[in-house]
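Enquirer: Could you have a look at this structure, given as structure tokens, before my questions?
The values are calculated or read from the model by the stated rules, or taken from the named source; none is laboratory data. Quantities reported herein were computed from a predicted structural model and do not represent experimental measurements. Because the Cβ atoms are built from the backbone with ideal geometry, glycine has one as well, and the counts that use them run over all protein chains shown. Ligands, DNA and RNA are excluded from the accessible area calculation, which covers all protein heavy atoms including side chains. Shrake-Rupley method; radii C 1.70, N 1.55, O 1.52, S 1.80 Å.
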Amino acid sequence: MAKSKYYRPTWDDYFMALARIVATRGTCDRLRGGAVLVKNNRIISTGYNGSPPGLPHCDEVGHLMEEGHCVRTIHAEHNTILQAAVIPGASTEGSTLYVKFLPCIHCCKYVVAAGIKRVVYAKVYRNTKSADYLRAAGLRVDLYKDNSEWNALVREIFEDEVEETIAPEGDVVMKDVK
């Protein structure tokens with residue numbers, strides 16, 4: 001049986017899949033958020049819900065609760081912006097943020113202040129008011145629509161072993177260069 005045509009993901013499919021993978025590093029089980037910051041289809045930084053470097057994580061010592069919220073962790077969106085801040089020459093101005101969940105209002109303030117111009121989210125966590133806040137600040141806000149063809153391919157990618165292939169030209173032979 002002939003193999004079907006390979007599906008090449010859209011940029012939104014690609015970066016949202018990465019945000020979902022990044023979220024698996026999260027260390028607060030109340031919400032394992034993930035974010036990928038992109039500019040000109042190039043990844044600037046990634047982030048997930050977790051404690052600042054060197055401090056204990058919720059998964060290790062439990063939650064630090066204030067007014068019904070765990071404040072031990074930095075949210076994925078905020079972590080992504082902070083990560084970009086320590087990369088020499090990185091700029092968040094005009095970038096796109098892919099997030100697993102619509103940002104909370106606090107993270108929305110950081111997103112606006114960082115000059116991010118578009119937010120793509122997969123699910124609403126608490127409310128949709130933060131989307132209105134971002135739009136009022138002039139950002140484009142898009143709900144990511146799951147792509148069943150892409151989702152099936154991603155599952156296949158992670159279920160199958162890495163395939164071994166040989167180019168039609170055969171093995172590459174390196175010659176000594178003098």
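Enquirer: For VAL120, what residues show an amide H to amide H distance below 5 Å, using hydrogens built from the backbone and excluding near sequence neighbours?
Expert: Sorted by chain and number, the residues that satisfy this are LEU97, TYR98, VAL99, ASP142.
Enquirer: Now a separate question. What GluC sites (Glu not before Pro) in region 4-71 are in a loop by DSSP, with at most 10 other Cβ atoms within 10 Å of the Cβ?
Expert: GLU67
Enquirer: For the chain, what is the accessible area per residue in Å², given a 1.4 Å probe and the full set of protein chains?
Expert: 67 Å²
Enquirer: Once you've got the Cα coordinates, tell me which of LYS5/LYS129; LYS39/LYS175; LYS5/LYS145 are over 32 Å apart.
Expert: Over 32 Å Cα-Cα: LYS5/LYS129; LYS39/LYS175.
Enquirer: From the residues ALA136, ALA122, THR92, which one has its Cα farthest along the dipole of region 83-161 in the positive direction, the dipole being from +1 and -1 charges on Cβ of Lys/Arg and Asp/Glu about the Cα centre?
Expert: ALA136
Enquirer: Now a separate question. In the chain, which Cys residues have no partner Cys with a Cβ closer than 4.7 Å?
Expert: Unpaired cysteines in the chain: CYS70, CYS104, CYS107, CYS108.
Enquirer: Quantify, in whole percent, the carbon and sulfur part of the accessible surface of the chain (1.4 Å probe; protein heavy atoms only). Walk me through the intermediate numbers first.
Expert: Numbers: 6400 of 12000 Å².
Carbon and sulfur atoms account for 53 percent of the accessible area of the chain.
Enquirer: Using Cα springs under 10 Å in a Gaussian network model of the chain, which residue among ARG42, ARG72, ARG32 shows the largest mean-square fluctuation?
Expert: Per the Cα network of the chain with a 10 Å cutoff, ARG42 tops the list.
Enquirer: In nm, what is the difference between 0.36 nm times the number of residues separating MET65 and GLU164 and their Cα-Cα distance?
Expert: Extra length from MET65 to GLU164 when fully extended: 30.7 nm.
Enquirer: Using only DSSP helix segments of four residues or longer, with each worth -39500 (n - 2.57), what per-residue ellipticity at 222 nm results for the chain after dividing by its residue count and rounding to 500?
Expert: Only helices count here, giving -9000 deg cm²/dmol.
Enquirer: With a cut-off of at most 14 other beta carbons within 10 Å, and DSSP calling the residue loop, which chymotrypsin sites (Phe, Trp or Tyr not before Pro) in region 4-96 qualify? Please list them.
Expert: In loop regions of region 4-96 (DSSP not H, G, I, E or B), the sparsely surrounded chymotrypsin sites (Phe, Trp or Tyr not before Pro) are TYR6, TYR7.
Enquirer: Loop only by DSSP, 10 or fewer other Cβ within 10 Å of the Cβ. Give me the GluC sites (Glu not before Pro) in region 122-174 that pass, ordered by residue number.
Expert: Sparse-neighbourhood loop GluC sites (Glu not before Pro): GLU161, GLU163, GLU164, GLU169.
Enquirer: What list of ³J(HN,Hα) values in whole Hz, one per residue of region 41-55 in order, does the Karplus curve 6.51 cos²θ - 1.76 cosθ + 1.60 (θ = phi - 60°) give from phi, with Gly and Pro shown as x?
Expert: Values per residue, Gly and Pro as x: 6, 10, 6, 8, 6, 9, x, 9, 5, x, 6, x, x, x, 9 Hz.
Enquirer: Using a simple spin-label model with points 7 Å from Cα along the Cα→Cβ vector, what separation in nm is obtained for GLU156 and LEU143?
Expert: Roughly 2.9 nm, to one decimal.
Enquirer: What do you reckon, how do MET65, MET174 stack up by accessible area (1.4 Å probe), largest on top? Mind dumping the intermediate values first?
Expert: Numbers: MET65 90, MET174 160 Å².
Sorted descending by solvent-accessible area, the residues read MET174, MET65.
Enquirer: Could you point to the residue in VAL112, HIS69, PRO52 farthest towards the positive end of region 40-178's charge dipole, with +1 and -1 charges on the Cβ of Lys/Arg and Asp/Glu respectively?
Expert: Value computed over the given set: VAL112.
Enquirer: Given the C-alpha centroids of region 80-96 and region 123-168, what is the distance between them in whole angstrom?
Expert: 21 Å
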